[in-house]
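Asks: Please find one structure pasted underneath; my questions will follow.
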Amino acid sequence: MPGDKKALLAVIGSCIAIFWPGALTFGFPGVMAPIWQEMFHVGRAATGLTIFFMLAAVGAFMFLVGRWQERWGLRRMIALGVILTALASFVVSQAGSIYTVYVWAFLNGTASSFVYVPALTLVQWCYPQRRGLVAGTVSMVFGLAAAIMSPLFGKMLAVLGYEAMNLVVAFLTLSIGLLGAYFARAPQDWENAASARRAGGTSAPKQRAEIFHSAKSLTVKESLYTRSFWLLWITWTFAGAAGVSMTVLATGYGLFLGFPLSSAILILTAFNLTNGMSRLISGILSDRFGRNQVMSLAFLAAGFAYFALPWADGLGACALLAAVVGFSFGTLFSVSAPLVADCFGLEHFGAIFGLTFAAYGFVAGPLGPTLSGYLLDVTGDNFFLVFLYLGIFCLLAGLFIRQVVPPQRA
């Protein structure tokens, strides 16, 4: 059927558009952190701030993008995100200090918001009965891109040099990403609703409610008064801080153990591989066994993996434990989206999901990469302390997520 073909193309386009933002978010900082430390003569705390600025942008713009997409349309948001991602790569290619890297991080986080939220919204509108599957597919590409590109970033750096590598990445991001945005076309009913909003009409929410059965959806204000929203917010804080920290700790821990950079990057690659693959696997499992159970088990496993990491001195063991943390991190991203839709409905999904994401953006960054980098600097690379508190974060997230349930609706 034509409608089925358009829906499939929308999912494919969303996956293409999200590839480079994912590679640059989860892979690039981990590969480049040691390089930036050498280039700009800074410590781990300074490079950890890179993630802080990236997440701060995510926290600031996720909610806004969720609002804007209802008015201006999903494809426009995705295309703008692709352009901003390419612009960020151009900016970092000219970096003369760590502060330019912070500008790149903020731009890249902003760009990811413009692609990620509309893409998740789009695929769930296209396949409302398979939300875990399609949201997991988009999230899988978002995370798996880094596993593919992390080793290639290192090779590109060695062959092309710093500036040329980033300029090539900017070109690839723009050309491939805009192709994906072209195919990421929303269903006609969403486009009609967006047109009605731009014209100042009031029929858009009613129209979507009738078509997608979202009459049970809560508004943003109503969601903020529920216990489940804040429990999910806390979960994003703890699980997000523990997961994103591995993006900057993995390579550094490998170097600390004495592995060469090419081998240390394999720990980050293992993390990103499961960070990507788990998003599809966990999304499918959550459709069948429940969102809370899948997320809780993944977070608990990551907690024990962090506790075991200080005693892992072999490359294989480190990579395996980092992969467990990556699986948990990917599960957080993929299953949270359909869980938000289950609890609060699809009508205002983008805005509500953006608000839960604010915990990841504003709090997880300081508690995760920034604090861990500071502790490593002041304690002389005491990874045991860092892994201990990140493991506790995972265990707490595993307990809190079990209590996130759809609120009673009047």
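Asks: Evaluate the range 23-30: report whether one residue or more is under 24 Å from residue 136 (Cβ atoms), within 19 Å of the chain's Cα centre (by Cα) and of a type in the set (S, T, N, Q).
Replies: Within the range 23-30, one or more residues are under 24 Å from residue 136 (Cβ atoms), within 19 Å of the chain's Cα centre (by Cα) and of a type in the set (S, T, N, Q).
Asks: Then there is this: Please give the number of the condition residue 339 fails out of (1) of a type in the set (A, V, I, L, M); (2) under 17 Å from residue 394 (Cα atoms); (3) crowded, with 24+ Cβ neighbours inside 10 Å.
Replies: (2)
Asks: Let me ask something else about it. Does residue 25 satisfy the condition of being assigned to a helix (DSSP H, G or I), touching a Pro at 6+ places or on another chain (Cβ under 6 Å) and of a type in the set (Ser, Thr, Tyr)?
Replies: Against the criterion (assigned to a helix (DSSP H, G or I), touching a Pro at 6+ places or on another chain (Cβ under 6 Å) and of a type in the set (Ser, Thr, Tyr)), residue 25 does not qualify.
Asks: Scan the range 1-56 residue by residue and report those that are among the polar types (S, T, N, Q) and surrounded by fewer than 24 Cβ atoms within 10 Å (Cβ to Cβ).
Replies: Of everything in the range 1-56, just one residue is among the polar types (S, T, N, Q) and surrounded by fewer than 24 Cβ atoms within 10 Å (Cβ to Cβ), namely 37.
Asks: Given the options 357, 307, name the one that is within 19 Å of residue 146 (Cβ to Cβ), surrounded by 16 or more Cβ atoms within 10 Å (Cβ to Cβ) and among the aromatic types (Phe, Trp, Tyr).
Replies: 357
Asks: Could you go through the range 380-388 and let me know if any residue there is at pLDDT below 90, within 29 Å of residue 43 (Cα to Cα) and not hydrophobic (A, V, I, L, M, F, W, C).
Replies: Yes, there is a match, as at least one residue in the range 380-388 is at pLDDT below 90, within 29 Å of residue 43 (Cα to Cα) and not hydrophobic (A, V, I, L, M, F, W, C).
Asks: If you scan the range 342-369, which residues turn out to be more than 30 Å from residue 253 (Cα to Cα) and within 15 Å of the chain's Cα centre (by Cα)?
Replies: Within the range 342-369, 350, 353, 354, 355, 356 qualify.
Asks: Of all residues in the range 364-410, how many are among the hydrophobic types (A, V, I, L, M, F, W, C) and outside any helix (DSSP H, G or I)?
Replies: The total comes to 3.
Asks: Just checking: which of the helices (runs of 4 or more DSSP H) contained wholly in the range 122-204 hold 3 or more residues that are at pLDDT 85 or above?
Replies: Once the helices (runs of 4 or more DSSP H) in the range 122-204 are filtered for at least 3 residues that are at pLDDT 85 or above, what remains is 131-160, 162-183.
Asks: Looking at 357, 327 in this structure, which one is part of a helix (DSSP H, G or I), at pLDDT 90 or above and at negative phi?
Replies: 327
Asks: Shifting gears a bit: For the range 219-230, check the following and say yes or no: at least one residue is of a type outside the set (Asp, Glu), closer than 26 Å to residue 370 by Cβ and either buried (at least 17 other Cβ atoms within 10 Å of the Cβ) or at pLDDT below 65 (or both).
Replies: Yes, the range 219-230 contains at least one residue that is of a type outside the set (Asp, Glu), closer than 26 Å to residue 370 by Cβ and either buried (at least 17 other Cβ atoms within 10 Å of the Cβ) or at pLDDT below 65 (or both).
The values are calculated or read from the model by the stated rules, or taken from the named source; none is laboratory data. Note that the structure is a prediction, hence the values are computed from the model and not measured. All Cβ positions, even for glycine, are placed from backbone atoms using ideal geometry, and neighbour counts span all protein chains on display.
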